[in-house]
Amino acid sequence: MMTAVRSASTAVWRAGLTRNTWTLGVWLLLSALLIWYATLIPVFGQFQITSISKNSLPLVYLAIGQAIIVIAGGIDLSLGALLLLTNALAARLMDDQPFAMVLFIAIFLIAGLGILNALVGYIISVSGVPDIVVTLATGYIWSGFALWILPSPGGGTAPEFRWLFTGAQSGIGGTYIMPILMMAAPAILVFLLSRHTRIGLSIYAIGSDSIAARLAGLDVRRAKVSSYAIGGAMAALAGLATVALTGTGDPRFSVGANATLNSVAAVVLGGVALVGGTGLVLGAVAAGVILIMLNPILSAVGIDPNNAQIIQGLLIAGVMMVGGLVTLLRERSA
Amino acid sequence: MKYQSQRFTILALLLTVALALTACVAVAPASGDDAMMEEEGGFVVGVSNTLVGNGWREQMICAIKAEATASGLVESVVVVNRNGGPTEQIADLEGLISQGVDAIILNPTDREGLNAVIESAIAQGIVVVAVDQAVTAEGAYVATNDQTAYARLGAEWLFEQLGGSGKVVEMRGIDGVPADTDRHNGFNEALANYPDIEVVASTFTGWDPSTGAQQALDLITTQEIDGIWTSGIDYSVVEQFQVADVDFVPIVGADNNGFVEQLIQLADAGLMGAAVTNPPAIGAVGMAIALDALTGNNPPHETILTPQVFTTADLDALNAIYAPDEQVGWSTYVDIEPYTSYNGSADVSACTAPGE
């Protein structure tokens, strides 16, 4: 059993090594974009770094969650809806509450949505219905619940909670230490979990080849459910970040739908192949920030950010093709 | 080997970003030009809109651009235009602040959620004007159309036409949207003064012409109606009278080009109606206010436009605002005294900002 895990993990690791180059490349691209953006605008300092890092938080969290689920061989189209649901619940429950209570609600929501999505993962695993179908359905249910809980924009949260994510109690113009810390901590935690624990390695293993993983004696269902639990918890974190950013709740369906699509985009751009089993969570993190940065950059060079969607689409199509080409060449040479 | 390689990856990542950030701060020129303006012209104006693909909003942006060009004081207009909520709009506003614009005109997604970023912009010397919908941020300029008066003025005209008694239909917009709530209140204000007017039906059109048309067709073919008040879904309702071959009843709509055209052309066929203005040119008003503030003219912080009523009793006035070259959904009332300085629908429709 132990040797089976060991050899499976080395195979996974070898496959993942080429992807590491990709992860580094995405981070280099992010650095290049940052430098380019700095030359485009008159002043680049604390305000801009804080702005980019805090505005990236919801997408980065969602991308981390989506990355883990995709690595495990699934895909979750309900993550945006879970963000919406958390946003509605948090804005409603946290309104006029003291900070301690708000923190308690936040932890409760992260745990609660983790369990909720674990249940969805369990249903997928037991029923054998494709991930995409089940999560599309649950996505509509969560969006509906969100609207039911918060029928129109409103609610609120504690100023200290906004500081936690944005570095300022008003949500604007704070220090960049808090948002960067809040981005790095969950990212590194999930990254280490995925690479250095038994459950993390089995997530890679089932995504790479679920039958082989089962034959090797891995608990496939447990790994699958775990990936969905992490996805749900990260979506909850993303929902909390949106409440912290705006100080209100916004239950509109389109917000969740956009967030889901962007999370898949970030995962693909981040070098996590949609077939599963490869890629690093850290790549999706950088890709999430890049997608958020596209808007201010495009507007600074005078392109209507509405066209950002076209550029984003072209970027993803290009990434997919390059990825496919790399795999093809490697197979030929092997 | 494995652990080392991973540590190396993480370290390399952190190093890359740290280097990039340092480079950014080094590359960016120091902020030295804090000389307070009151200069004449050369302004850069940012526009933030979060509803794309909506005719009214597109016309609002075009009116802003047209006014910028006509004023001669604006160097460029930076439009940040995408679908989104407060989260996206906060990011967009921060982007505009970073670009160093002199003024920002926004159609806000939230009454309070944007206050912090707006106040931060104002603190950095940027003039902020919220148009169409209000914000409560301190120091922000607000320019809105009076939605309560929009409904009250139209309804009063309708009730007068009916001699103070009759059966009317209220065709509203979208339930729960602030503008719809305000208009419903305005409608009821007028109704309170006419006890013999009976509202026989009230519908939500969703501000969708085809939905409104279907509802109107059902209503006029099944019951006796003396008048119709609409929340701007007007020309498709008038068409249903022609489709069903039913005699026209007095109808209230907005300053939609298609409706204005009908009022002019079908007046001989007995159509009586009133076009109440809800101009997207409020954007141009916002631009005028921003420029006033930038040039040190201290405009008032709150501007509420009272709607104009154009009726079939004065066809010349209707002809004056009618724009034959534009689409049916075009809002024809574009010249707003004393704010706008462009010349009519053609200028707005050209949709060109300075330097474009």
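Just so it is clear, none of the values below were taken in a lab; they were calculated from the coordinates. Since we're looking at a predicted model, the values are computed, not measured. All Cβ positions, even for glycine, are placed from backbone atoms using ideal geometry, and neighbour counts span all protein chains on display.
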> For the pair residue B:306 and residue A:301, what calculated FRET efficiency results from E = 1/(1 + (r/R0)^6), where r is the Cβ-Cβ distance and R0 = 30 Å, to the nearest 0.05?
Replying inline: 0.15
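At a 10 Å Cβ-Cβ cut-off, how would you order B:309, A:129, fewest neighbours first?
Working: B:309 19, A:129 12.
The most exposed by this proxy come first: A:129, B:309.
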> Based on the Cβ-Cβ distance of residue A:169 and residue B:52, what FRET efficiency does E = 1/(1 + (r/R0)^6) give at R0 = 22 Å, to the nearest 0.05?
Replying inline: 0.10
>> Let's test this: bin the Cα-Cα distances of region B:290-356 at 5 Å from zero up to the farthest pair and state each bin's percent.
In response: 3, 12, 18, 20, 18, 14, 8, 5, 0
>> Can you compute the label reach from residue B:160? Point 7 Å from Cα along the Cβ direction, backbone N cut-off under 18 Å, restricted to region B:305-346.
In response: B:306-318
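With a ≥ b ≥ c the root eigenvalues of the C-alpha gyration tensor of region A:83-205, is it rounded (a/c under 1.5), prolate (a/b larger than b/c) or oblate?
Cα axes put region A:83-205 in the oblate bin.
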> What angle do you read, to the nearest 10 degrees and between 0 and 90, between the alpha-carbon axis of helix B:235-244 and the longest principal axis of chain B?
Replying inline: 30 degrees
> So who's got an amide H within less than 5 Å of the one on residue B:128, skipping anything under 5 residues away but keeping other chains? H placed 1.01 Å off N, in plane.
Replying inline: B:104, B:141
>> Can you give me the distance in nm between label points at residue A:192 and residue A:21, each placed 7 Å from the Cα along the Cα-to-Cβ direction?
In response: 2.9 nm
> Using 1/(1 + (r/R0)^6) with R0 = 25 angstrom and r between the beta carbons of residue A:332 and residue A:32, what's the FRET efficiency to the nearest 0.05?
Replying inline: 0.25
> In what order do B:171, A:321, A:183, B:272 fall by count of nearby beta-carbon atoms within 10 Å, going from fewest to most?
Replying inline: A:321, B:272, A:183, B:171
> What value does chain B have for Rg/Rh, both radii from Cα atoms and Rh as Kirkwood defines it?
Replying inline: 1.10
> Roughly how many whole Å is it from the C-alpha centroid of region B:147-185 to that of region A:40-104?
Replying inline: 42 Å
>> Please state the shape class of region A:66-113: rounded when a/c is under 1.5, otherwise prolate if a/b exceeds b/c and oblate if not, all from the C-alpha gyration tensor.
In response: prolate
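Rounded to a whole number, what is D in µm²/s for the protein assembly as shown from Stokes-Einstein with the Kirkwood radius over alpha-carbon pairs (20 °C, 1.002 mPa s)?
78 µm²/s
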>> Averaged across orientations, what area in nm² does the convex hull of the alpha carbons in region B:147-276 project?
In response: 6.8 nm²
>> Helix-only estimate, please: 222 nm mean residue ellipticity of chain B, summing -39500 (n - 2.57) across DSSP H runs of length 4 or more and dividing by its residues, to the nearest 500.
In response: -14000 deg cm²/dmol
> Computed over the Cα atoms of chain A, what is the convex hull's projected area averaged over all directions, in nm²?
Replying inline: 16.9 nm²
>> On the Cα set of region A:112-270, report Rg and Dmax in Å, please.
In response: 17.7, 54
>> Given points 7 Å out from each Cα along the Cα-Cβ axis, report the residue A:140 to residue A:214 separation in nanometres with one decimal.
In response: 3.0 nm
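From the square roots a ≥ b ≥ c of the eigenvalues of the alpha-carbon gyration tensor of region A:20-91, which class results: rounded (a/c under 1.5), prolate (a/b over b/c), or oblate?
Since a/c reaches 1.5 but b/c is at least a/b, the shape of region A:20-91 is classed as oblate.
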>> Give me, ordered by chain and number, the residues 5 or more places off residue B:252 or on other chains with an amide H under 5 Å from its own placed amide H.
In response: B:228, B:229, B:230, B:274
> How large is ³J(HN,Hα), in whole Hz, for each residue of region A:273-285 in order, when computed from phi with the Karplus curve 6.51 cos²θ - 1.76 cosθ + 1.60 and θ = phi - 60°, using x for Gly and Pro?
Replying inline: 5, 5, 6, x, x, 10, x, 10, 4, 5, x, 5, 4
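Rank the residues A:127, A:263, B:202, A:53 as a footprinting-exposure proxy: fewest other Cβ atoms within 10 Å of their Cβ go first.
A:127, B:202, A:53, A:263
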> If you take the alpha carbon radius of gyration of region B:36-127 and divide it by 2.2 N^0.38 Å, what ratio comes out, to two decimals?
Replying inline: 1.06
